[in-house]
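The values are calculated or read from the model by the stated rules, or taken from the named source; none is laboratory data. As the structure is a computational prediction, the values presented were derived from the model and not from experiment. Glycine gets a Cβ as well: all are built from the backbone with ideal geometry, and neighbour counts include every protein chain shown. These accessible areas exclude ligands, DNA and RNA; they are computed on the full protein's heavy atoms, side chains included. Shrake-Rupley method; radii C 1.70, N 1.55, O 1.52, S 1.80 Å.
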Amino acid sequence: MTVSAIPLSARVGRIKPSPSMVARLRAQELKAQGRDIIDLTTGEPDFDTPAHIREATTAAMAAGETRYAPVNGTLRLRKAIIAKFARENGVTYAADEIVVGSGAKQVIFNALAATIGEGDEVIVPAPYWVSYPDMVLACDGTPVIVACGENAGFKLTAETLEAAITPRTRWLLLNTPSNPTGAFYSADEMTALTEVLKRHPHVALMTDDIYEHIRFDGGEPVCPVAIAPELRERTLLVNGVSKTYAMTGFRIGYGAGPKALVNAINIIQSQTTSGAASMCMAAAAAALEGDQSFVGEARSAYRQRRDRAVELLDAIDGMSCRKPDGAFYVYPSCTGLIGRRRPDGWVLQSDLDVALYLLEDAGVAVLDGSAYGLSPYLRLSIATSLGAIEEACARIKMACDALQRS
Ligand SMILES: Cc1ncc(COP(=O)(O)O)c(C=O)c1O
């Protein structure tokens, strides 16, 4: 065992690398060995960034936008964000209530770093995006994981929220539509949660709406600040351009919240990464201000893929797949496969075992539900072609059919 000459911090000991990165690396290793692997672990759109956004990036560079930019984001981008919140979410923010970071991930992290410390609790409904608990731990806080089972539509209810709140609760972190389940909180469901929060003034709300535009019911956006303006002063709305406009590599995320919080986030950012990349902010502004037709086209493609993936997975003996409301993942239960015997005699005991079996035997890389805090499930990304989804599901079916009941 190699021992590092540089002792590592307790902080790094508390957190683990993102499991999706670990799984993706394993899939890449097998690919490098010549195995034919269909990779359904990726959490990013498979579409190219729309041409007008790419052109805006090069135009910005040609115009000299290659230098340090303001820590809180360029005024043009902040104005575009303000206009987006007004147009799409029915909420009004001023330029000094907007924060811009290198990805929504950085905004969430900085918000936690700016507000929590030892003993502070953050409510994280499970299944959750893998980074939330680790970010809370990295900021010395305590993630309070609340199991939201399939019967509850994988969603927090007023009752489960109420039961999770303690005097140490600082935040409720809500992701809608959710990664990994695609669950979306309707206006009624959001109203019920805001009613609970109104009774607990020490609890702030952070919503991660990064999949806001990948929703299949055609309904209106649901914004807690529009529903309960009383919560505006203790809510941070987090969003970004990564998923909506296929701009993951640009690393631009943003948030809207009370000025004091935004200031604190900017202080953290000023002493760590400074402002986001200048030309990427120009690109993000062009995305928010420009032609939105890509958003609807991508949504239709994801809808078609979701329908097909759900149909094929749900027909597999041992699996059942609920139809997600949004995002680009499906989260089938593999309860029926647990206890079955692989052709080599090994008995599947967990969703991780199932994921490994599918990778090794079927050449399909998926993620295990345990990484997302609710087992036994699998997370499959549908941000890939319909053909790849159909081929992957056919391989999964064949591998599942080859299992023996013990
Ligand atoms: C729920 C959720 N929030 C945030 C992010 C990261 O967004 P960004 O690329 O803006 O950092 C992801 C990416 O997978 C995600 O799934």
- Item | Mean separation of Cα contacts under 8 Å (6+ apart) over length of the chain, as relative contact order % | 22
- Query: Roughly what % of DSSP beta bridges within the chain run antiparallel, to the nearest 5?
  - Reply: 45
- Item | Distance from segment 358-406 to segment 255-297 (C-alpha centre basis), Å | 35
- Task: Quick one: grab Rg to one decimal and Dmax as a whole number for segment 62-289, Cα atoms only, in Å.
- Result: 16.7, 55
- Cα→Cβ-extended label distance, 7 Å offset, between ALA63 and ASP317, nm: 6.3
- Task: Can you tell me the equivalent ellipsoid semi-axes for the chain? Use √(5λ) from the Cα gyration tensor, largest first, whole Å.
- Result: 34, 25, 22
- Cα-centred dipole magnitude for the chain, charges only on beta-carbon of K, R (+1) and D, E (-1), debye, nearest 20: 620
- Which residue fluctuates the most in the chain, going by a Gaussian network model with Cα springs under 10 Å, if the choices are LYS323, LYS105, LYS198? LYS198
- Show TRP346, TRP129, TRP171 ordered by accessible area, largest first, where the area counts protein heavy atoms only and the probe is 1.4 Å. TRP346, TRP129, TRP171
- Item | Residue-count net charge about GLU233 - beta-carbon cut-off 13 Å; Lys, Arg +1, Asp, Glu -1 | +2
- Item | When segment 208-326 is reduced to its Cα atoms, the Kirkwood hydrodynamic radius in Å | 17.0
- Could you let me know the centre-to-centre spacing of segment 185-213 and segment 85-130, using Cα atoms, in angstrom? 13
- Computed E for ALA94/GLU55 - FRET, C-beta separation, R0 35 angstrom, nearest 0.05: 0.70
- May I ask for the percentage of alpha-carbon pairs in segment 45-145 that lie more than 21 Å from each other? 55
- Rank THR248, THR335 by accessible area, highest first, at a 1.4 Å probe radius? THR335, THR248
- Over segment 107-189, consider all pairs of different Cα atoms and compute the Kirkwood hydrodynamic radius from their mean reciprocal separation; express it in Å, one decimal. 13.0
- Query: With the other protein chains left in place, how much accessible area per residue, in square angstrom, belongs to the chain at a 1.4 angstrom probe?
  - Reply: 42
- Protein accessible area in the chain, 1.4 Å probe - carbon and sulfur %: 55
- Message: Let me check the size of segment 151-211 from its C-alpha atoms; what are the radius of gyration and Dmax in Å?
- Response: 11.4, 31
- Query: With all protein chains present and a 1.4 Å probe, how do ASP46, ASP120 order by accessible area, largest first?
  - Reply: ASP46, ASP120
